[in-house]
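Trainee: Mind having a look at this structure? Questions to follow.
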Amino acid sequence: MGQRIAVTGSAAGARIAYAVTGTGPPLVYVSGWIGHLERSWALPAERAFYEALADGRRLIRYDKPGIGLSTAAAPGAEYTMDDELDALEAVVGAARLERFDLMGISLGAAVAATWAARHPDTVRRLVLYGGWARGADIASPELRHHVLGLVRQHWGLASNLLADVFAPDADTDAATRTAFARYQRESSDAATACAMLELAYRVDVLDLLPDIAAPTLVLHRDRDRAAPLAEGRRLAEGIAHARFEAVAGRSHLPYIGDTRPLTGAIRRFLGLPARHRGAALTLTARQREVAALIAEGCTNREIGERLGITERSAEAHVERIRARMGFRSRAQIAAWYGAN
């Protein structure tokens, strides 16, 4: 699968980048804390998760204001739930959606729940993963203060720490863990990351949950290290007729660890076969050599000199890699190679 990236403007003046993958009824995906449409597409595990969701659906993802390829309306201002909803509204409008399935993960679960409560006629089905109703309940005041201070003052160190919290199952895969820590820093500066994390800690959607009318599936890993299992149960208990499923695992990020129980449950809930037609993306031996040199920062001329081929041949190899992998830039090729 490939993804098509477009840009729209929000009512507040933010520039919102969004990506469309697959065909079929629309599924709008609200991400958690931070992300990057291009960088995420270059991480094999994350891309495979999105492709599983997009098999039989038109998956629509977007970068939040000030994150990834999007820009904020007022950089440095307090980040609020209104900013989240403004971005979601902009994407829904740009994609010309009237009714759609909606999925939110982590902080995005609270955003998706708020939208479903306020716009009940637009949401066909709702999926919430790894979420919480009150941010104040997911960590003690002391821990919140420590994490926010670390992100604000030592973003590099904090990104590594949060990789341990969000994706402990990546500990056995050094390449994936390193790629994710770097991916966080490439997605956001420290100030924006801190502002969004502050929103995650102060969000409170408890009073809105009874207003959600859409059929709802709430999923949570039973040993989630970032959001306790009890928070997922509380979300489900507040929504009439919501179905709650605890899935084995400890990683907060849905695409790290065993993803099959998650994607299978989501696809069944959306009326799709549990299994999807995913296939691992591969390159030829020569293409992998070229990708390795791109990851080293080599130009096409330098690649040609290292491999004993012409600069034009090196350029052709780069373009074939981009076409085969659905990438738009050399940076994506480098990120993909680094995560393998």
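The values are calculated or read from the model by the stated rules, or taken from the named source; none is laboratory data. The structure presented is a predicted model; accordingly, all values stated were derived computationally and were not measured. As a convention, Cβ positions derive from the backbone with ideal geometry for all residues, glycine included, and neighbour counts pool all protein chains shown.
Trainee: Report, by residue number, each residue of the range 60-95 that is within 12 Å of the chain's Cα centre (by Cα) and either over 16 Å from Gly326 (Cβ atoms) or aliphatic (A, V, I, L, M) (or both).
Mentor: Ile60, Tyr62, Asp63, Lys64, Ile67, Gly68
Trainee: Taking the range 14-57 as the region of interest, how many residues are over 21 Å from Ala116 (Cβ atoms), in a loop (DSSP other than H, G, I, E, B) and either of a type in the set (A, V, I, L, M) or at pLDDT 95 or above (or both)?
Mentor: Of the residues in the range 14-57, 3 are over 21 Å from Ala116 (Cβ atoms), in a loop (DSSP other than H, G, I, E, B) and either of a type in the set (A, V, I, L, M) or at pLDDT 95 or above (or both).
Trainee: Okay, moving on. How many residues does the range 214-229 hold that are crowded, with 24+ Cβ neighbours inside 10 Å and more than 22 Å from Arg125 (Cα to Cα)?
Mentor: 2
Trainee: Return the only residue of Leu126, Leu197 being surrounded by 19 or more Cβ atoms within 10 Å (Cβ to Cβ), under 16 Å from the mean Cα position of the chain (by Cα) and at negative phi.
Mentor: The match here is Leu197.
Trainee: Continuing with the same structure: Can you name every residue in the range 58-81 that is in a loop (DSSP other than H, G, I, E, B) and of a type in the set (Val, Ile, Thr)?
Mentor: Ile67, Thr80
Trainee: If Ala236 passes every condition in (1) among the small types (Gly, Ala, Ser); (2) more than 24 Å from Ala117 (Cβ to Cβ); (3) at pLDDT 95 or above but one, which one does it miss?
Mentor: Against the list (1) among the small types (Gly, Ala, Ser); (2) more than 24 Å from Ala117 (Cβ to Cβ); (3) at pLDDT 95 or above, Ala236 comes up short only on (2).
Trainee: Ok, one more. For the range 282-289, state whether one or more residues are touching a residue at least 24 places away in the same chain (Cβ under 8 Å), touching a Lys or Arg at 6+ places or on another chain (Cβ under 9 Å), surrounded by 21 or more Cβ atoms within 10 Å (Cβ to Cβ) and among the polar types (S, T, N, Q).
Mentor: no
Trainee: Let me ask something else. Exactly one condition in (1) in a helix (DSSP H, G or I); (2) without any contact (Cβ under 8 Å) to a residue 40 or more places away in the chain; (3) hydrophobic (A, V, I, L, M, F, W, C) is false for Ile266; which is it?
Mentor: Failing condition for Ile266: (2).
Trainee: For the range 316-329, how many residues meet the condition of being buried (at least 16 other Cβ atoms within 10 Å of the Cβ) and within 13 Å of Gln287 (Cα to Cα)?
Mentor: Qualifying residue count for the region: 4.
Trainee: Can I ask one more? For the range 280-331, enumerate the residues that are outside any helix (DSSP H, G or I), at pLDDT 85 or above and of a type in the set (S, T, N, Q).
Mentor: Thr299, Thr310
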